[in-house]
Amino acid sequence: MKGIHRQLATAAAVLAALTIGLIGTPAGAAPPAAKPDSAAKPAAVDNDDVYTVERLANGQTRIGLHQHAGNAEALRRDLRAAGKNVLSAGQAPPGGSMSPLACVSYGTAVQWCDHAWGYGGFNDPQVYFLDHTPAGFPVTAAVADWYQSPGIDAYYRWHTAGCPGGGRHCVHVRTYSPGPNEFGVTYWSPNAPNGPVDVYLANHMAGTNQARKSTCHELGHALGLGHNSSTNSCMVQGRIGAGWSLRPSSQDFEVLNRVYPRPGT
Ligand SMILES: [Zn+2]
């Protein structure tokens, strides 16, 4: 009896499928091609932090937070093969106690814990991005986006203009040539509220929307942000997909407002 029931059920399912096909497809037209898996369900965002830790000649520890192209483990393998000291997934980098603030979060945005600029005598920390990059790297546009944030003031300068000094901070933005699994890296030392902070952007992105997103991303790290878990923010990890933002979100701005709480100018 069970076998007969199964056969009847199968026959009913085939009939239903045929009926749907007849209704949905005009006579003579080819049935629509099945969508590939990637179009049907977008891959989950791999928002894993990839850190390298190195000891500089001056004894300072330098932490690199690397922007991967959507596969954190692939980038860790690349970096290890290149001889870098890479932290494992979930391993926190050595932090300092320079910031009296707890690690701040708001919505899907978070602070890069233990990293915050000193005020240097101003109402908002003054951060100058010194641009060394060739054409195809929208540093000007990305700085203009971050300038909209409360709490901290981001300014653009071509690198030959130099660092203005007087309690103002400077971040050098350069290009480099990593493999295809890496888009950028920001270096910061613990217990260093006056820097140095350095940003590197992957040459292979030049002139693309990815360069816009990844430049925004690294400048956000330089200001003190960690990874946003939403594709509404350039602070999310990975290769951009349809509908992904190339710019900061209002939640990124709110975290910066809380990391740097002094009333601004
Ligand atoms: Zn990042």
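The values are calculated or read from the model by the stated rules, or taken from the named source; none is laboratory data. Bear in mind that the values here come from a model prediction, so they are computed numbers and not experimental data. Every residue, glycine as well, gets a Cβ built from its backbone with ideal geometry; the counts of neighbours run over all protein chains shown.
Out of Pro180, Pro164, one residue alone is part of a loop (DSSP other than H, G, I, E, B), surrounded by fewer than 16 Cβ atoms within 10 Å (Cβ to Cβ) and either hydrophobic (A, V, I, L, M, F, W, C) or touching a helix residue (DSSP H, G or I) at 6+ places or on another chain (Cβ under 9 Å) (or both). It is Pro180.
Evaluate the following for His221: is it within 16 Å of the ligand (Cβ to nearest atom), within 26 Å of Glu254 (Cβ to Cβ) and at pLDDT below 95? Considered against the rule, which asks whether it is within 16 Å of the ligand (Cβ to nearest atom), within 26 Å of Glu254 (Cβ to Cβ) and at pLDDT below 95, His221 comes out as no.
Residues are listed down the side, and each one gets a yes or a no for (1) among the hydrophobic types (A, V, I, L, M, F, W, C); (2) in contact (Cβ under 8 Å) with a residue 40 or more places away in the chain; (3) in contact with a Leu (Cβ under 7 Å, 6 or more places away or on another chain); (4) surrounded by 24 or more Cβ atoms within 10 Å (Cβ to Cβ):
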residue	(1), (2), (3), (4)
Pro196	no, no, no, no
Asn203	no, no, no, no
Arg212	no, yes, yes, no
Leu223	yes, yes, yes, yes
Ser229	no, yes, no, no
Asn232	no, yes, no, no
Met235	yes, yes, yes, yes
Pro263	no, yes, no, no
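The set of residues in the stretch 118-149 being loosely packed, with under 15 Cβ neighbours inside 10 Å, of a type in the set (A, V, I, L, M, F, W, C) and under 20 Å from the mean Cα position of the chain (by Cα) consists of Ala141, Ala144. Only one of the listed residues (Asp131, Asp78, Asp124) is within 16 Å of the ligand (Cβ to nearest atom) and acidic (Asp, Glu). That residue is Asp78.
Of everything in the stretch 224-265 that is among the β-branched types (Val, Ile, Thr) and either modelled with pLDDT under 95 or not in a loop (DSSP other than H, G, I, E, B) (or both), the residue that is farthest from Gln148 (Cα to Cα) is Val259.
Taking the numbered list (1) within 18 Å of Ala192 (Cβ to Cβ); (2) part of a helix (DSSP H, G or I) in turn, Asp145 passes all entries but (1).
Within the group Val171, Val236, which residue is over 17 Å from the mean Cα position of the chain (by Cα), within 16 Å of the ligand (Cβ to nearest atom) and aliphatic (A, V, I, L, M)?
On the way: Val236 fails: over 17 Å from the mean Cα position of the chain (by Cα).
Selected residue: Val171, the only one of Val171, Val236 that is over 17 Å from the mean Cα position of the chain (by Cα), within 16 Å of the ligand (Cβ to nearest atom) and aliphatic (A, V, I, L, M).
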